[in-house]
Each structure stands twice: as C-alpha cells, then as structure tokens.
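The values are calculated or read from the model by the stated rules, or taken from the named source; none is laboratory data. Predicted model, so just to flag it, every value in this text is computed and none were measured. The protein model used for the area step is the full one, side chains on, heavy atoms only, and it has no ligands, DNA or RNA in it. Shrake-Rupley method; radii C 1.70, N 1.55, O 1.52, S 1.80 Å.
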Amino acid sequence: MYPLDHTLITPRLRIEPVTARLAWAARKGGAMFADELGADAPDEWCASGLALVARSAQWGSPMPPTRAVAVHLDEGRVIGDVRFEPVFGARREVEIGYSIMRSRRRQGYAVEAAGGVIDWLFAEGGAETIIAGCHKRNFGSVRTLRRLGFWLDATPGDDFWWVLTRELRSSARA
C-alpha cells in the first residue's frame with residue numbers, strides 16, 4: 001500500500017492524513033492539534049477522536065499514515081475521521097473504518113469521507129480489495145457501506161463483514 005501523503009478534497013470536506021507531526025500535536029491536546037491542523041477541533045470530536053489520532057502515528061515510524069481527519073470545508077471544523085489499514089498477511093487488501101460526530105450523522109458525511117479515502121485507495125493507494133466490519137444492529141453503518149458499494153461477505157456472530165472491489169465501487173457511483 002502506498003502512503004496517503006496529500007490532502008484529499010471532496011465536495012464538502014478536506015481530508016487530511018494523520019502524519020507523525022499531527023499525531024504529536026494531538027498528544028499535546030486539542031488546542032495544539034487544532035493549530036497544527038489549521039481547523040477547529042470541537043470537544044464533541046476530541047472526546048474520542050483525539051486519542052485515536054494521537055496513537056495513530058509515531059515519530060520515526062516506518063509505517064505510512066493509516067488515519068485521516070475529515071474537516072468541513074466551509075466551517076473549518078473537524079467532523080470525523082477515517083481509518084484505513086493494510087490487512088495483515090493479505091496482499092493489497094485494506095480494512096476501512098470511519099467515525100462521524102453524533103451531531104453530523106445522517107447527513108452523508110460518512111459516505112463522503114470514507115468514499116474519498118476509498119477512491120484514493122483504488123486510484124493511488126494500491127488497494128485491490130477493501131473490507132469493513134460493523135455490528136449487525138448498526139443500521140447507520142449498514143446503510144453507509146451499501147451506499148459506498150460494499151457487498152455483504154460474511155456474518156459471523158453479531159458482526160457483518162463487507163467487501164468492496166474497484167468494480168463494485170464503480171457500479172455504486174454509476
């Protein structure tokens with residue numbers, strides 16, 4: 001997998017890769033993170049997202065960024081984040097996850113943020129297959145994954161596992 005080393009722009013979002021410098025700023029607190037990112041980091045997002053960003057990259061780590069922060073273009077505020085990691089032992093397969101602030105849900109932001117990362121993964125990131133998991137009762141994520149083009153692959157226990165290929169993504173966008 002190739003690293004996300006640049007900002008992604010969607011119609012409403014600026015998607016910033018979490019670099020070691022941005023993770024370091026997150027470890028110093030919300031104000032330092034917001035200053036480094038150049039965007040407001042509301043408490044609603046910081047309550048859970050800041051710690052995840054702080055742990056996602058280390059100085060000197062050979063690993064490329066595997067998390068990105070979604071910033072609303074017009075408002076200059078963080079609204080969520082997207083995680084994308086190579087699946088251990090699988091060639092060119094990536095697992096994706098996303099989180100959107102509660103006050104911003106049901107407005108298409110998860111589809112837009114995850115979709116921007118997915119499109120980059122297929123076009124430039126070297127992914128051939130993307131997988132995602134969610135609890136079977138997480139109806140919001142089920143709708144989001146279907147809108148992104150994922151197909152249900154497995155249902156072990158209380159979890160659904162979904163798969164997406166370039167062809168499935170293209171069909172969903174048509």
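Tabulated data
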{"read-out": "Accessible surface, per residue, of the stretch 1-43 when the full set of protein chains is kept, probe 1.4 Å, Å²", "value": "52 Å²"}
{"read-out": "The stretch 25-138 - share of DSSP beta bridges that are antiparallel (%, nearest 5)", "value": "75 percent"}
{"read-out": "Whole-angstrom Cα spans of the chain along principal axes, big to small", "value": "41, 36, 33"}
{"read-out": "Fraction of accessible area attributable to carbon and sulfur, the stretch 45-174 (%, probe 1.4 Å)", "value": "50 percent"}
{"read-out": "Cα long-axis angle, helix 109-120 against the chain (0 to 90 degrees, to the nearest 10)", "value": "80 degrees"}
{"read-out": "Long-range HN-HN contacts of Tyr98 with modeled amide H, under 5 Å", "value": "Arg83"}
{"read-out": "Calculated from backbone phi, Karplus (6.51, -1.76, 1.60) coupling profile of the stretch 125-142 in Hz, x at Gly/Pro", "value": "x, x, 7, 10, 9, 10, 10, 8, x, 7, 5, 4, 9, 8, 4, x, 5, 4"}
